[in-house]
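Here the structure comes first, spelled out in structure tokens, and everything after it is commentary.
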Amino acid sequence: MKDIFFDLSVRSVRLNFLRSLLASIGIVIGVVAIASMGMLGTNMQLIVKNQLTAGINTIVITPDVVRSEPGSFGTQGTTATGITESQLKDIRDAAGTNEVIPIDRTSTQFSIGSSDGRGSIMGFDQNDMKNIMNVSEGSTPRGESDAIVGAMIASRFDLKIGTRIKIGEPNISVTRPVVRVVGILPTIGMSSSNGINTDNAIIVSDTWYSAQFGGANVYDQVNVNLKDVSTLSAVETAIDNKVNRNKEVIRISDASSRVTSVSSTLSSLTTFILAIGSISLLVAATSIFNVMMMSVSERVQEIGILLSIGTETGEVRRMFLYEAFILGIIGAIIGGIMSIVIGYSVVSAMIGNTAYFFLPESIIYVPAGMLIGIVVCVASGVYPAWKASNMDPIEALRAE
Amino acid sequence: MSDFPLIRLADVTKVYHLESGDVIALNHVSVDILENEFVAIMGPSGSGKSTMMNQLGILDVPTSGNLFISGKNVAAMTNLERTHMRRDTIGYIFQNFYLIPLLTAYENVEYPLILKYKQRDNSGKAAAILKSVGFDQALSAHRPSQLSGGQQQRVAIARALVNDPRILLCDEPTGNLDRKTGFTIMDTLAGLHSEGKTVILVTHDPKVAEYAHRTIQLEDGRVVAS
């Protein structure tokens, strides 16, 4: 059945089309603001979360230097500053088929030509390097004194394949060991959640490393790369049970807590920008309220006629709420379409990545914004509708 | 029903409280109107004619005294009951026609049916009533603003009649019409009276009042002749 009160509202909107359209523009802006701000925040969250979770399948194991103090003698004496071969074997056993990467690392000074610098130097097994390092230029080391370098060092010192780097303090009057750059790594940035940030590092083979820095068969860090991230806690427990069975000698950590904390920060940020977007809806609500009050005051006599020939107050109320609803629908539809276009542009311009734009958790802000727009519109019409329905019909009929 | 009047005003007083002081618009008025009477209410400006019409049309309630319509005490009714009685028992015809500007002539007539039955009219009743006041389908599709005064008043009469009310309240129905059209409208009302309707008419015009069988004369809110 077609409701005559809805019909009357449609006609009233049509009769005052320009005024209605202008009022709806407020809702359009509100919907666009909410939807695009929401989508911007969500896309940001999704991208950062994805970057962070890229390394979430890595368990980072480091020696527990607090509990096994360096220099203390006893059964664990030699393990004080590193993870031993036997501990590594235990880790490998507990890790099962997952990839286990032992790493040597320290901080060092170095010289390239006449310039000096400071950075990390890391020692990897040559096979591991082949598996986990994806060079953007050159290749992974083959020879003993071959090295690959991080993107930051490479750009700062303008390194090329073949450049030689002297490792060690420059003021010591001994011949410093030299490595030759054979590969350059891409920028890792925030996505380095695997405990290895190679941006400011020189990476060499473990044999070269131990020859220079000592500590053969002792490692500063062991990474376990999981094949299935859902086994994370099971593998962590297995390693803990096996290696730390008598005493806490290693620390086991992963990126999940970091992901949680960054996600929660970003989620607060999204809420904040959504709140800013909501202010525009408040403005829209005022404009709808104003238009509805105008509509009521222009139609006082009509309301008087309706009431005097037997229209129930609830029906009059409904008529004006419908009118607000229609304004809301118009605003929401235009706003919905515009927010897809504007949202896409904003996400593309500010984040530079629209891969997540059409995912449900992002695009949901369009219908959500539309719904909020309609609700705000109808809510703004409640008082005008109440005012219309509670008029004295005699007074209303006398109005010009 | 014949021993109890269709409408009874029993000692009805209506006082308007204005800033300049209280105005007694109706002062202890007691009048009975029987079924199928044709009554004219006359009196100078400010005599209380409009107030009396508002009381009879249940748009207002007495300050004191009682108004009975069809044996029911209006003052004891809820707002919704009054609205329903207005819709079902009373047909109101105004001097200014008071058609709903957004609706066509047909929809204006159909409107009270929708109010009553909560659905569009499929019975053809609205079209039939419009036809009886000389409106064909093409004319029925016009908006009030596209109709002459006489045409608008005929639509208003059709609207007042469509729910088959027992009482027709006519507030200066010819006031905004030329003399000839005015008498045509009065002939229509006389015809409705002869079909059994109770017609109550407010007018200044003695010629119009001649159509009525009884005249209630008001002065300063009191009935001076009935």
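Of the residues B:L26, A:I309, A:N171, the one whose Cα sits farthest toward the positive end of the charge dipole of the protein assembly as shown, with +1 on the Cβ of Lys and Arg and -1 on the Cβ of Asp and Glu, is A:N171. Counting only DSSP beta bridges whose two residues both lie in the protein assembly as shown, roughly 65 percent are antiparallel. Helix A:365-389 and the longest principal axis of the Cα set of chain A meet at an angle near 30°. Note on A:V235: accessible area approximately 10 square angstrom, rounded to 10, probe 1.4 Å, nucleic acids and ligands left out. Selection among A:G162, A:V296, A:I372 by position relative to the dipole of chain A gives A:G162 as farthest towards the positive end (Cβ unit charges, Cα centre). Calculated on the Cα set of segment A:58-225, radius of gyration then Dmax: 16.3, 48 Å. Principal axis extents of the Cα atoms in the protein assembly as shown, from largest to smallest and rounded to whole angstrom, are 134, 51, 48. Size descriptors for chain B (Cα atoms only): Rg and Dmax, in that order, 17.5, 52 Å. Over chain A, Cα pairs under 8 Å with separation of 6+ residues give a relative contact order of 31 percent.
Go ahead and run the numbers for FRET between B:N176 and B:V224, Cβ-Cβ distance against an R0 of 30 Å, rounding to 0.05. Computed FRET efficiency for B:N176 and B:V224: 0.65. Computed from the C-beta positions of B:Y16 and B:L80 and an R0 of 35 Å, the FRET efficiency is 0.90 to the nearest 0.05. Work out from phi, with θ = phi - 60° and the Karplus expression 6.51 cos²θ - 1.76 cosθ + 1.60, the ³J(HN,Hα) of each residue of segment A:29-46, listed in order in whole Hz, and give x for Gly and Pro. Values per residue, Gly and Pro as x: 4, x, 5, 4, 4, 4, 5, 6, 5, x, 5, 4, x, 5, 4, 4, 4, 5 Hz.
Of B:H204, B:H84, which has the most accessible area with a 1.4 Å probe, and how do the rest follow in descending order?
B:H204, B:H84
For the protein assembly as shown, a simple Cβ point-charge model (Lys and Arg +1, Asp and Glu -1, everything else neutral) yields a dipole of about 700 debye relative to the Cα centre. Between A:D240 and A:R176, residue separation times 0.36 nm minus the direct Cα-Cα distance comes to 19.0 nm. Each of B:Q153, B:I69, B:F183 was scored by the projection of its Cα onto the charge dipole of chain B, and the greatest displacement toward the positive side belongs to B:Q153; charges sit on the C-beta of Lys, Arg, Asp and Glu. How big is the dipole moment of segment B:8-73 about its Cα centre under a simple scheme where the beta carbon of each Lys and Arg is +1, that of each Asp and Glu is -1, and everything else is neutral? Debye, nearest 20, please. The calculation lands at about 60 debye. Here A:R251 and A:T286 are evaluated by their C-beta separation; at R0 = 56 Å the FRET efficiency comes out at 0.45.
Out of A:Q45, A:Q301, A:Q126, any idea which swings most in a Gaussian network model of chain A, alpha carbons joined below 10 Å? It is A:Q301. At full extension, A:N197 and A:E361 could sit 56.0 nm farther apart than now, given 0.36 nm per residue minus the alpha carbon distance.
To the nearest 20 debye, what is the magnitude of the charge dipole of segment A:58-225 about its Cα centre, counting +1 on the Cβ of each Lys and Arg and -1 on the Cβ of each Asp and Glu?
460
Accessible-area rank, largest first, for A:S280, A:S257, A:S308: A:S257, A:S280, A:S308, with all protein chains present and a 1.4 angstrom probe.
Kirkwood radius and radius of gyration were both taken over the C-alpha atoms of segment B:131-206, and their ratio Rg/Rh is 0.95. Rg ratio for segment A:97-191: its Cα radius of gyration over 2.2 N^0.38 Å, N being its residue count, equals 1.10. Compute log10 of I(q)/I(0) for segment B:46-110 with the Debye formula, placing one identical point scatterer on every Cα and leaving out solvent, at q = 0.30 Å⁻¹, to two decimals. Result of the Debye calculation: -1.36. Computed from backbone phi, the HN-Hα couplings of segment A:102-111 come to x, 10, 9, 8, 7, 9, 8, 9, 7, 10 Hz, rounded to whole numbers (Karplus: 6.51 cos²θ - 1.76 cosθ + 1.60, θ = phi - 60°; Gly and Pro given as x).
The values are calculated or read from the model by the stated rules, or taken from the named source; none is laboratory data. Just so you know, these numbers come straight off a predicted model, no measurement behind them. With ideal geometry, Cβ positions are generated from the backbone for all residues, glycine too; neighbour counts draw on all protein chains shown. All accessible areas refer to the heavy atoms of the entire protein, side chains included, with ligands and DNA or RNA removed. Shrake-Rupley method; radii C 1.70, N 1.55, O 1.52, S 1.80 Å.
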